Each structure stands twice: as structure tokens, then as C-alpha cells.
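Structure record follows, encoded as C-alpha cells.
Readers should treat all values here as calculations from the given coordinates under stated rules, not as data from a laboratory. Predicted model only: the values in this text are computed from it and were never measured. Here Cβ is always computed from backbone atoms with ideal geometry, including for glycine, and neighbour counts include all displayed protein chains.
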Amino acid sequence: MTPLGSTSVLPSAAVGSPDARLVIVGGGQAAGAALKTLRQLDYMGSIVLVSDEAFAPYERPPLSKEYLWGMGQDLRAVAPDERSNEQLRLDRRVVSGDVASRTLFCSDGSTLSYSALLLATGGVPRRLRVPGAELGGVHALRSAGDALSLRRSIERCRQERRTLLIVGGSWIGLEVAAGAQAAGLDVTLVEQGGRLCSRTLPIAAADWLRRFHVSRGVDVRLGCSVLRLDGDADVRSAQLSDGSALPVGAVVVGIGIDPSTSLAEQMGLQVRSGIVVDRNCRTSVPEIFAAGDVAEHVCPWHRVPVRIETWDNANRQGAIAARQIAGSGAALQLVKPVQALGDDLQGPLEGASDRSCTAPPWFWSDQYGVNLQVIGAPLCGDTVLAGAGGNATVDSPLFIYLRGDAVIGAVGINRPREMRRLRKLLAERSDLQRDALIAEGFDVAHAEPALCS
């Protein structure tokens, strides 16, 4: 293994020669994006993808949308078909690995050697830790199997005229709430915190979203949590912290995920909130990469190490890792391995002040036919441009956030054209200023302090 802090070049077998062997651990969006990119690059080495699911990597956004409601019966593969240099080993897990010999050990007793390794292990939904959480009808939504199971419970709710309880004001929870309400179900959503989507939305945008769901008939209860679930085999009622007892037919738990870092930890990789990677998705071991929900990287927009759990980030990082592994991205020589940064992540970080090296984070959600988009890092703003549509009483607000005079993020609701323009501008300009925004035709005459905390 290459000593930490040194420079090295990966052996030729790791950069796309016919003798190379890449192993991808995981079957989610990042794994699929890597596989798709390697095909585009005509990667010559062998590729083995190991996933604990029964399907090849498939698109995840439809799970909480059309697939959940039976409007799309088939999963959409990220990288359809299979090439002659690829092997998909499904329904099994990699349980451990040895960095020195570059060997992985699988749950079925098989072993795999690798020249390069991509960890795209994603995360597992956090469980509701209250009495009764193990009852039938209590669901997470992370996989196709989860969606099918939840679909059956929702149908029971409809037949028995019972309430669907959503626990957690997350994007997943809100999308399920919107679909269920549109399908004619009674929906109650409880959120322990003081606002919806607190990890991504400042106060004004979150409040607009709350009032939007309430106007559609969803019973939204902030500062409220589940104390206990009751039932026989299946859940039948929920005792809430506001003192109410709510009859329910099913429960959807959307309170976040825990990154699947156990394999990385066992192999001795640097792990904090996730597997630590540099801007090229390389971990503290030069021949091992990580991408997607499991990867922690220094985001120049947030200015701190973060994990970004979005479809866009998983696709982007999967492609970056693939280009590095294939040798067609930036130079393969390691100038500064991740571990050389040490634990001093409070100080200056490589790329932390240079936004030109990366496009802004981007996320979207569709609810009740309304499109919501988030660009950049709105929570890091100190000023909101209310003249750009930031009045949260209008039907289609646009919130643009500044840090100083620089645009740091935006939240748009049914404003696809403006958000598309902003996303393009922020990707092209490393330091988009308020004056430049005005020159581009955005109405930003009125600014007010941003309420983000």
C-alpha cells in the first residue's frame, strides 16, 4: 500500500488495461453512473459489480413517484444491458476486505481480487426507535422492494379508510405525502424539528412548503414525534408527543439514512461522517475510490466537509470516479492523498474557497404537480433576495441567497426557467455577484437578512 502523504502513480493494471480488474461494491445510482461512464470511455479491464439487491443499478427518483403508485411498472436501469467485460453479482454482500492483498470476501464465500475498487455502498434508512416500530406496515423507502411493500400497505389504508402516517419532514416523506393525498388518503405528517427539510431549506422556503402541504389537506405537525406504535401483527395506532392517539393503517419513516461505512472502516480507510474522499473521489488508499451517499467531500459551496445525498451528486461522483479509474480524467499522480489533510478540517481545505472546480449541488422534487429545485448551499447564505420572488406568499416563489455579495444558492418553486439559468450561471462563474445577477435580468432590488438557522 502506498505510504500516506507520498506521491504515487497507480499501476497500469488499474488504469484501464485489459489486465485491470475493477470491483464496484454497491448497486445504487453512483454505481450505475460509474458503469455507464466506463462504457462510454471503452474501459478495457474487467468489471465486477457486487450488490445486495436483486436488480442491476436502477434509477431511484421514481421510487417515491410513479413507481410507488403503480404508474411505472418497470425499473429503469441506469446502465441497461451487460457488456462482455462486466459481471453482475447480485443478492450478495462484500463482508470484508484486505487492502494489502487487494482482496474482497463475499457473503457467499467467494473472493474477489481487484486492481481498483469503487465503494458505492450508499446508506441504510434510520429506523424509528420506539415501542412497536417492528410491527407490520411500518416502512422505509430506499429500494424497489421497499416501494412494492409500501404500495401494498397504502392500498390497505385506502380500502380500510385509515390514515397514512409520515414520520419525518424529509423530501421522501413529503413526496409520499403528496402522492398519498392526491390518491385520496388521509395523511398526517409529524416532524420533530421546527421546520420541514431543515437540512436543505432555510426558514422562508420551508414555511412556504409547510403551508403548501397544509393547503392540500395534509395534517402537518411540527415539533411532534411518535412515542409508541400499537397493533397486533400490523400497526393500528400511534401515540404522539402532542398527546393525541392517531388511528393509522401504515407508517412511512423518513428520518434520514446512515452511510454504509462498515466495509471501509474494516479496511482501514479514513471515515468521518462518511468515507473521506478528495475532489477526484479517491480515498485515503490510492487504489480505492468512493462515490455517492456514502462519500464525504469538501464542498466549496458549503465550505465544510459534507455528504450530499442527491441523485445529481451520485451521478456526478460516480462519473468522476470512473474517469479516474479509466485514466481519462485529471492526472493520476497523487499530489496530496486525502489522509495527508489529517484531522485539521477546521482550517483551510483544498478547494474549499475555489468554487470554479465544481458545479453547484442541485436537487429537485415534484409534489402535487409542482416542481421544487434547490441549487448550491442556501443554508450558508446571510442575505435573501426577496425582490427575486422571495415573498413566500406568492404561488411560485424564487429565493436567491447571498454570502456577502456572492450568490451561494437558490430555492425555486415552479420556476424552472430561472433555476435553469441560475444553475448554468453558477456552473460557469466561480464568483457570481449580485451586480452580475442584475445584469442578467434578475430582479434583485430588495434584499433582507436570510433566516437560515
* **Additional length obtainable on full extension of the chain from Val304 to Arg228, 0.36 nm per residue less Cα span** => 23.7 nm
* To do: Quick one: what are the phi-derived ³J(HN,Hα) couplings along the stretch 166-174, Karplus 6.51/-1.76/1.60 with θ = phi - 60°, whole Hz, x for glycine and proline?
  => 9, 9, x, x, 8, 4, 4, x, 5
* Reduced Cα scattering model of the stretch 33-118, Debye log10 I(q)/I(0), q = 0.14, 0.18, 0.26 Å⁻¹ -> -0.60, -0.89, -1.30
* **Of all DSSP beta bridges in the stretch 138-255, antiparallel share, percent nearest 5** => 35
* To do: Please give the length that would be gained between Thr111 and Arg83 if that part of the chain were fully extended, namely 0.36 nm times their separation in residues minus their C-alpha to C-alpha distance (nm, one decimal).
  => 7.9 nm
* Enumerate the amide H contacts of Gly132 below 5 Å, restricted to partners 5 or more residues apart or on another chain; note that Pro and chain-start residues carry no placed amide H. => Leu229
* Kindly write out, for the stretch 396-408 in residue order, the coupling ³J(HN,Hα) from the Karplus curve 6.51 cos²θ - 1.76 cosθ + 1.60 (θ = phi - 60°), rounded to whole Hz, with x marking Gly and Pro. => 9, x, 10, 9, 10, 10, 10, 10, x, 9, 8, 6, 10
* **Nitroxide proxy distance, nm - points 7 Å out along Cα→Cβ at Asp366 and Glu53** => 1.9
* Asked: Contour minus end-to-end for Ser101 and Arg126, with contour as 0.36 nm per residue of separation and end-to-end as the Cα-Cα distance?
  -> 5.6 nm
* Whether the stretch 138-255 is rounded, prolate or oblate, judged on the alpha carbon gyration tensor where a/c under 1.5 counts as rounded -> prolate
* Cβ-placed point charges (K, R +1; D, E -1), dipole of the stretch 138-255 about Cα centre in debye, nearest 20 -> 200
* Please give, to one decimal in nm, the separation of the simple spin-label points placed at Lys424 and Asp42, each 7 Å out from Cα toward the Cβ. => 3.2
* Asked: What nm distance separates the two modelled labels at Asp382 and Leu148, each placed 7 Å from Cα along Cα→Cβ?
  -> 5.3
* Structure fact -> Phi angles of the stretch 114-127, converted by Karplus (6.51 cos²θ - 1.76 cosθ + 1.60, θ = phi - 60°) into ³J(HN,Hα) in whole Hz with x for Gly and Pro, give 9, 8, 9, 10, 10, 9, 10, 7, x, x, 10, x, 5, 8
* Output the peptides 309-321, 422-434, 89-101 sorted from most to least packed, where packing is the average of other Cβ atoms within 10 Å over each peptide's residues. => 309-321, 422-434, 89-101
* **Long-range HN-HN contacts of Ile166 with modeled amide H, under 5 Å** => Thr188, Leu189, Val190, Val252
* Label point 7 Å beyond Cα of Leu135 along Cβ direction - residues of the stretch 241-255 with amide nitrogen under 18 Å -> 241-254
